[in-house]
Amino acid sequence: MSSVRTTYIRLKSMLPEGVRDALSAINQRLFARRTLLRKYGSWFDVDWRKNFQNMSQQEWKRAYDEAWKHRNNDCVEETDAELILKALAEKGTVLEVGAGIGTLAIRLAQEGFTVTGVDVSAEALRRAAEAARREGVIVDWREGFAETLPFADKSFDIGYSNAVIEHVGSLADQHRFVSELLRSCRRVFISTPDAHFPIDPHTLLPFVHWLPRRLRHPILRATGNRHWASESALHPLSAAQLISMFPPDAHVRIVRQRVLGITTVITAIAGDSPTTRE
């Protein structure tokens, strides 16, 4: 099957761009959903995020649990871990919100941090706990939502999340996300893809995420990215928007990861210095 797919991709690459686009559209409309259903089972619903406004917390948990049964990437690369470790510097207690399958939390535990990892998905946390046991480290895994963290005020030296805030919903939801991290932790690090980068890393489409929602969502649906066509699924932020989530006394500064001089990822760091903007 892989050789057939490779041959198809090579032949497709030789076609004019308009023909390639037409073939992709046909594939998305006629075959993609059936392929996913056959591969992953009846749990998979391409359109499930369309119903997010009416979904209960238990329904969200079930959806993420099923997704994590088939996903192996929690958006933390080795370069990200090194940058985070450098920024954290002093050892202490760390809360990671949106821990996924535990890649970063485990790395921090290996470096001597006392780590608690929170995620909405019990399935992700089960896999994270297995990985921690294999690596011989201890992490306190907790199931919960970022907007209602089950911890007392200032329970942790450091709170961190990577590529989570753009998926928690509206601006109001994102404000609650930041407020809960600030309440629970003395210092806060929140990383997210920069909305000003011309290519969205979730859809790999150029410039579409810059459009107003009324234009952006129909384009996402038409290009086979229906699952990203809701505010709950994807709400990217610029550096200015991310800073606006914090109260004036939070002393926020922005650290930027760049490729060829263009910012790709922004990290808001709060609680350690007067506000500066790089």
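The values are calculated or read from the model by the stated rules, or taken from the named source; none is laboratory data. Computed from a prediction, not measured in an experiment: that's the story for all the values here. When we count neighbours, we look across all protein chains shown, and the Cβ atoms used for this are built from the backbone with ideal geometry, even at glycine.
Does GLU147 qualify as being among the charged types (D, E, K, R), more than 25 Å from GLN257 (Cβ to Cβ), touching a residue at least 12 places away in the same chain (Cβ under 8 Å) and surrounded by fewer than 21 Cβ atoms within 10 Å (Cβ to Cβ)?
Taking the combined requirement at face value, the residue satisfies it.
Scanning the stretch 169-209 for residues that are buried (at least 21 other Cβ atoms within 10 Å of the Cβ) and within 12 Å of the chain's Cα centre (by Cα), which turns out farthest from ALA270 (Cα to Cα)?
That would be PRO193.
For the stretch 80-122, what are the residues that are surrounded by 19 or more Cβ atoms within 10 Å (Cβ to Cβ) and not hydrophobic (A, V, I, L, M, F, W, C)?
Within the stretch 80-122, ASP80, GLU96, GLY98, GLY100, GLY102, THR103, ARG107, THR116, GLY117, ASP119, SER121 meet the criteria.
Could you tell me whether ARG214 is in a helix (DSSP H, G or I) and either touching a Phe, Trp or Tyr at 6+ places or on another chain (Cβ under 7 Å) or at pLDDT 90 or above (or both)?
No: the conditions fail for ARG214.
Just to be sure before I move on: is VAL259 surrounded by fewer than 21 Cβ atoms within 10 Å (Cβ to Cβ), closer than 30 Å to VAL115 by Cβ and β-branched (Val, Ile, Thr) in the structure I sent?
Yes; evaluated as a whole, the condition is true for this residue.
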